[in-house]
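First the structure, in the form of structure tokens, and then the observations on it.
The values are calculated or read from the model by the stated rules, or taken from the named source; none is laboratory data. Remember, it's a predicted structure, so these values are computed and weren't measured experimentally. When we count neighbours, we look across all protein chains shown, and the Cβ atoms used for this are built from the backbone with ideal geometry, even at glycine. Surface accessibility is based on the protein's heavy atoms, side chains included, excluding ligands, DNA and RNA. Shrake-Rupley method; radii C 1.70, N 1.55, O 1.52, S 1.80 Å.
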Amino acid sequence: MPNDTALFLGQFLRNPAAIGALAPSSRHLAAAVCAPVPEKGEPIVVELGPGTGPFTAEIQQRLGGRGHHLAVELNERMAGLLAERFPKVDVANEDATRLGELLAERGLRMADVVVSGLPWAAFPSQLQHELLGAVTGAMSPGAAFTTFSYIHAIPLSSARRFRALLAERFEEVVLGRTVWRNTPPAFVFHARRPR
């Protein structure tokens, strides 16, 4: 949507390290990132950094009214837009490092799936550790975590550091194929069984 692109660009220019993208993710990337959302049961799905909602829409479609979808968005403007667009989603205008507390405040057990749209390669080492610690601490033993990285970020030291951190924090990390139909192209990390 043109308005979403304008909003994303404006918020990126204000705080590039927090937004990390010039435009919303494509539906192709959303489908790849949200693949672990279960087709049955009542899963607790956590979404980090939903922005304007491309992953949110995919998660909602996959859930079909089941389970609990908690979307944690730090940017107040984007959180407000998300809450308007997706009234069935529990939108928290909060810091993702508080994930465990946010689940507890809602009386929810640990997450079954965590889908992340956060710009991991834009974060300093300490924040990467804090955020991933909050994620793994809030996941059930068999839970899945998915996130993505832009292909141009591969050589960045912060991106390499994040890949090493994933391998340290999860028993299994699988690199998905490149999603070329996204601007810019991206690939997906699928991680399971937090340590």
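Take the stretch 168-179 and flag every residue that is outside any strand (DSSP E or B) and surrounded by 14 or more Cβ atoms within 10 Å (Cβ to Cβ). Full working, then the answer.
Here is the first cut: in the stretch 168-179, the residues outside any strand (DSSP E or B) are 168-169.
Listed by number, the list holds a single entry, Arg169.
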The stretch 149-162, residues that are assigned to a helix (DSSP H, G or I) and open to solvent by 70 Å² or more (accessible area, probe 1.4 Å): His152, Ser157, Arg160, Arg161
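Conditions (1) open to solvent by 10 Å² or more (accessible area, probe 1.4 Å); (2) charged (D, E, K, R); (3) modelled with pLDDT of 95 or more, marked per residue:
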| position | (1), (2), (3) |
| --- | --- |
| Leu102 | no, no, yes |
| Arg109 | yes, yes, no |
| Ser116 | no, no, yes |
| Ala121 | yes, no, no |
| Gln126 | yes, no, yes |
| His129 | yes, no, yes |
| Gly137 | yes, no, yes |
| Thr147 | no, no, yes |
Test: residue in the stretch 35-44 that is in contact with a Pro (Cβ under 9 Å, 6 or more places away or on another chain) and either modelled with pLDDT of 90 or more or open to solvent by 50 Å² or more (accessible area, probe 1.4 Å) (or both): yes
Given (1) small (Gly, Ala, Ser); (2) open to solvent by 10 Å² or more (accessible area, probe 1.4 Å); (3) closer than 23 Å to Gly142 by Cβ, index of the condition Ala71 fails: (2)
The stretch 172-183 residues that are modelled with pLDDT of 95 or more, paired with ones that are in a loop (DSSP other than H, G, I, E, B) (beta carbon under 8 Å, 6 or more apart): Val179/Ser26; Val179/Pro185
